[in-house]
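**Student:** Can you keep this structure in mind? I'll have questions shortly.
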Amino acid sequence: MTITRPIQIITTSFSFFIALFLSGCENDDPAREDTPELITQVTLTFTPPGSSPITVTATDPDGEGIQDLIVDGPINLAKILPTHLHSN
């Protein structure tokens, strides 16, 4: 009976520490960041040489919703001049 008591204590302690160890294992994976970017506004700047830049902005107020795209004006460029396009 003197030998079984230490074995019981060791077995109980071992079981306790195994349970404690396993309960500490959590899913610590970081949250996924693969959400696609939603672009709702595009600004185009056309720069004809020797002339003022022409800036046009298109806005989609509700993203992928049912509202139409809102453009703040037409793009009128001269056909003769080479134009550089810069997008923001």
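The values are calculated or read from the model by the stated rules, or taken from the named source; none is laboratory data. No experiment lies behind these values; they were computed from the predicted model shown. With ideal geometry, Cβ positions are generated from the backbone for all residues, glycine too; neighbour counts draw on all protein chains shown.
**Student:** Quick check on the range 50-67: of everything there that is without any contact (Cβ under 8 Å) to a residue 24 or more places away in the chain and of a type in the set (Asp, Glu), which residue is farthest from Ile39 (Cα to Cα)?
**Tutor:** The residue in question is Asp62.
**Student:** I need the full set of residues from the range 38-51 which are part of a loop (DSSP other than H, G, I, E, B) and either within 22 Å of Leu69 (Cβ to Cβ) or under 32 Å from the mean Cα position of the chain (by Cα) (or both), in order please.
**Tutor:** Once the filter is applied, which keeps residues that are part of a loop (DSSP other than H, G, I, E, B) and either within 22 Å of Leu69 (Cβ to Cβ) or under 32 Å from the mean Cα position of the chain (by Cα) (or both), the range 38-51 yields Leu38, Ile39, Thr40.
**Student:** Now for a different question. Being in a strand (DSSP E or B) and at pLDDT below 85 is the filter here; which residues of the range 52-76 pass it?
**Tutor:** Listed by number, the list holds a single entry, Ile54.
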